[in-house]
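Report on the following structure.
The values are calculated or read from the model by the stated rules, or taken from the named source; none is laboratory data. Here the structure is a predicted model, which is why all the values come from computation and not from measurement. A quick note on method: Cβ atoms are made from the backbone with ideal geometry, for glycine too, and the neighbour counts reach across all protein chains shown.
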Amino acid sequence: MKFTGTNVLVTGASRGIGAEIAKTLASFGLKVWINYRSGLEAAEAVKTEIEAAGGQAALVKADVTKEEEFVAAIKTIVDADGQISYLVNNAGITKDKLALRMTVDDFNDVLSANLTSTFIGCKAALKFMGKKRFGSIVNISSIIGEMGNAGQTNYAASKGGVNAMTKSFAKEASARNLRYNAVTPGFIQTDMTHALSDEVKANYEKNIPLGRMGDAKEVADAVAFLLSDHSSYITGEILKVNGGLYV
Ligand code: NAP
């Protein structure tokens, strides 16, 4: 895949979908900045794997819900490499509960981790990439933001917000030659879905037209496309990666 830019920051890249995105983008020749919050060892393992495969990677610690930490991480990258070409806002959490049991704190924590952090990243990208008049941003949203889900009112609100916000950034930033897109994964095998019971997983799988949960690599390939030169006329798009579960 062809990339005009040279480097990328992937948030929450110590494990799961973020780690796979980091490895995939490194395989296409980008220098990958692996953001982690607490999982230093896991992040180092991702870096080691990338380097063993002949790629370039570096670590940058930040809790992306904290604007000063997230923006400082981006400044670190710009100071080291002279620019930041691409950003993948991947970090996210769940705190599932039926709405009647969900506290406002449960709601706000998920909004902060999934939506506010993505706003901070998108805004910083507008500033730093905007100066160079080049950049592409992909936000990792979710199928739940499109179809809703019992027990996930907080998560659905956060990801629905990410979708709407991505379109708004796309409109606001196009004059600076920046593209903003999102992907909405369905049920992907990671720690996040590992917590679901076998019964719940089997039930979901029954309803997925392709008949199985997705692999993180399948999300990573969609992200690579949306960042790359091959999607140069695509902005404000919400790309489903869900095996046909919601079409
Ligand atoms: P995961 O395995 O639980 O990994 C989440 C990653 O996000 C971890 O690296 C975690 O770092 C990081 N993170 C969380 N909060 C952070 C913060 N405040 N600052 C920095 N890093 C933070 O989750 P995943 O399944 O790979 O999910 C990745 C993204 O895909 C999320 O946005 C999720 O909503 C979305 N998604 C997942 C699925 C799925 O089926 N798995 C489906 C649709 C969408 P720590 O190790 O430090 O906690």
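Regarding residue 12, is this residue on the phi > 0 side of the Ramachandran plot and within 17 Å of the chain's Cα centre (by Cα)? Spelling it out, residue 12 is indeed on the phi > 0 side of the Ramachandran plot and within 17 Å of the chain's Cα centre (by Cα).
Identify, please: which residue in the stretch 177-197 is closer than 29 Å to residue 4 by Cα and either more than 14 Å from the chain's Cα centre (by Cα) or without any contact (Cβ under 8 Å) to a residue 40 or more places away in the chain (or both) and is, among those, surrounded by the fewest Cβ atoms within 10 Å (Cβ to Cβ)?
To start, the set of residues in the stretch 177-197 that are closer than 29 Å to residue 4 by Cα comprises 177-185.
Filter again for either more than 14 Å from the chain's Cα centre (by Cα) or without any contact (Cβ under 8 Å) to a residue 40 or more places away in the chain (or both), leaving 177-179.
Working: 177: 13, 178: 23, 179: 24.
Ranking the candidates gives 177 first.
Within the stretch 40-56, identify whether any single residue is in contact (Cβ under 8 Å) with a residue 40 or more places away in the chain, surrounded by fewer than 22 Cβ atoms within 10 Å (Cβ to Cβ) and over 24 Å from residue 238 (Cβ atoms), and answer yes or no.
Checked against the condition, which is being in contact (Cβ under 8 Å) with a residue 40 or more places away in the chain, surrounded by fewer than 22 Cβ atoms within 10 Å (Cβ to Cβ) and over 24 Å from residue 238 (Cβ atoms), the stretch 40-56 yields no hits at all.
Return the residue satisfying two criteria in turn: it lies in the stretch 110-157 and is of a type in the set (Gly, Ala, Ser) and under 13 Å from the mean Cα position of the chain (by Cα), and of such residues it is farthest from the ligand (Cβ to nearest atom).
Among residues in the stretch 110-157 that are of a type in the set (Gly, Ala, Ser) and under 13 Å from the mean Cα position of the chain (by Cα), the one farthest from the ligand (Cβ to nearest atom) is 136.
Only one entry of 40, 59 meets the criterion of being touching a helix residue (DSSP H, G or I) at 6+ places or on another chain (Cβ under 6 Å) and within 15 Å of the ligand (Cβ to nearest atom), and that entry is 59. Residues in the stretch 210-247 that are within 17 Å of the chain's Cα centre (by Cα) and part of a loop (DSSP other than H, G, I, E, B): 215, 228, 235, 236, 237, 242.
Going by what's in this entry, would residue 22 be described as within 16 Å of the chain's Cα centre (by Cα), at pLDDT 95 or above, part of a loop (DSSP other than H, G, I, E, B) and over 19 Å from residue 79 (Cβ atoms)? Spell out how you get there, then give the answer.
On the way: within 16 Å of the chain's Cα centre (by Cα): yes; at pLDDT 95 or above: yes; part of a loop (DSSP other than H, G, I, E, B): no; over 19 Å from residue 79 (Cβ atoms): yes.
No.
Looking across the stretch 31-49, the residues that are among the aliphatic types (A, V, I, L, M) and part of a helix (DSSP H, G or I) come down to 40, 42, 43, 45, 46. Of the residues that sit in the stretch 161-176 and are surrounded by 20 or more Cβ atoms within 10 Å (Cβ to Cβ) and under 20 Å from residue 146 (Cβ atoms), which one is farthest from the ligand (Cβ to nearest atom)? So, considering only residues that are surrounded by 20 or more Cβ atoms within 10 Å (Cβ to Cβ) and under 20 Å from residue 146 (Cβ atoms), the one farthest from the ligand (Cβ to nearest atom) is 170.
When only residues in the stretch 1-16 that are among the small types (Gly, Ala, Ser) and assigned to a loop (DSSP other than H, G, I, E, B) count, which is surrounded by the most Cβ atoms within 10 Å (Cβ to Cβ)?
Within the stretch 1-16, the subset among the small types (Gly, Ala, Ser) is 5, 12-14, 16.
Keeping just the survivors that are assigned to a loop (DSSP other than H, G, I, E, B) gives 5, 12-14.
Values: 5: 19, 12: 27, 13: 32, 14: 25.
It comes out as 13.
Here residue 200 meets each of (1) more than 10 Å from the ligand (Cβ to nearest atom); (2) buried (at least 22 other Cβ atoms within 10 Å of the Cβ) with one exception, condition (2).
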